[in-house]
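Worksheet: one structure, shown below.
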Amino acid sequence: MHVGNPFNSARRIQQKEDEIVSQYQNEMAEKERLRQTGYEGRKNVSEGLSGPGKGSYGGANKGYGGYGNNAMSNAERAKYQFEADESDDEKEKELEHNLDQIGNVVGRLNVLAKATGKEVDRQNLELNGINDKVDTVGVGIARNTHKLRGIK
């Protein structure tokens, strides 16, 4: 016959309650961390989508292109035209404008791709942490399964 120590039972109960409270607090902290991670992910993607495009065509340093301040003058453009007339000048301006727009779109795609890559890297770190936890739980399950098989 086994009789438990009545002086230790209150301490054991308190320890068990403390473990439960601690586990609950850890779970709540983990939920908050995951919520924050999700928020940061949405923010990164949103910044990538709304970030300014930086077109590569028609900058002030390039000396060509643009559909305004950066556009070539008619005299500069005439050097490259066989028979310059007003319709050629308009076509050239339209081409420069279109190239500026393409440059802006490519710039935005570049920003979006970088934001996406950053988000994928961050989520890979999260997945590695989850994988480590799964491995730990798997080892515990295997250990407990082995113990239970030994009891039967």
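Rule-based calculations on the coordinates, nothing more; no lab input. As the structure is a computational prediction, the values presented were derived from the model and not from experiment. Methodologically, a virtual Cβ is constructed for each residue, glycine included, from the backbone with ideal geometry; neighbour enumeration extends over all protein chains shown.
A few points about this structure:
- For the stretch 87-152, the spread of Cα coordinates along the three principal axes comes to 94, 15, 5 Å, biggest extent given first.
- Ascending count of other beta-carbon atoms within 10 Å, so fewest first, for Met1, Met28: Met1, Met28
- Computed 3J(HN,Hα) for the stretch 109-118, one whole-Hz value per residue from the Karplus formula 6.51 cos²θ - 1.76 cosθ + 1.60 where θ = phi - 60°, is 4, 4, 4, 5, 5, 5, 5, 5, x, 4, glycine and proline marked x.
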